[in-house]
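Notes to accompany the following structure.
Please treat every number below as a calculation from the coordinates, not as lab data. A quick note: this is a predicted structure, and the numbers were derived from the prediction, not measured.
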Amino acid sequence: MIQYLFIIHLALLPLVVVGNPSNRAFLDVKAPWQVSIRIDDNPKCSGAVLSPLYILTAASCVSGNHISKIKVRAGSNYRCWTTLISTAKVIIHEKYIPGKYTDNLALLKLDKPLELSKSIQELPLADAVPKDNSLATVAIWDSFLVLYHTSIIEETVISKQKCSKEVKSSDNNAWIAAIATETICARAKGQGACVIDIGAPLIAGGHLAGILTYPSCSSKPDIYTNLVEYKSWLETNTD
């Protein structure tokens, strides 16, 4: 039954959006700086548009996969639409160790540049770490039936001390080890990001402040790689 509803939804959506001018805002991309990263054409995680040629994501998203399997979709609120773009080069942080959550960054150099537009935009890197108790946003993949779409949620940056206490209560050693100077902790009012959102950019003041490394899939804090600490690495490894 769900499969039939999904097919009907896909069939009618273009008619509803294009045929009714009042619904055309639906076509506006909520997070034009975010992409869906796919492995073997299956959606795996998210990434951020650093420039027309470079996508930034978590190393854990792409590590261990042949470059031919890694592709990107950009410019849509949905993970299943828009053209697939192949990857020409993968640069994983040299200190990254699979299973660890520090140095968890990877750059994808695309085989052809993205065409920047209202639907695809690059993000400037933050110059400073977001202050504790400040607000930031992250775009997550939410689901309607079996169709994932972009939802933007607001998160509050919390101190590492507070984050450590909450993480310890969850008794997750990997999570505890991730809380270092290279990370940012932020928490949503309700459920935060989850596994399918790994690599999603944390936006603070219109700038790219972090990349989702360890999502809570709950009301506990989400952990992001603090990009201010990696700015020189990013500049060195991008053209």
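List of remarks:
- Cross-link partners of K118 among aspartates and glutamates (Cα-Cα below 14 Å; sequence separation of 8 or more within a chain): D28
- Fully extended contour minus Cα-Cα distance, from I152 to L135, at 0.36 nm per residue: 4.8 nm
- Here the ratio of the Cα radius of gyration of region 34-110 to 2.2 N^0.38 Å is 1.01.
- In this structure, the residue pairs whose Cα-Cα separation is over 25 Å, taken from K71/K189; K131/K189; K131/K220; K89/K131; K30/K89; K160/K220, are K71/K189; K89/K131; K30/K89.
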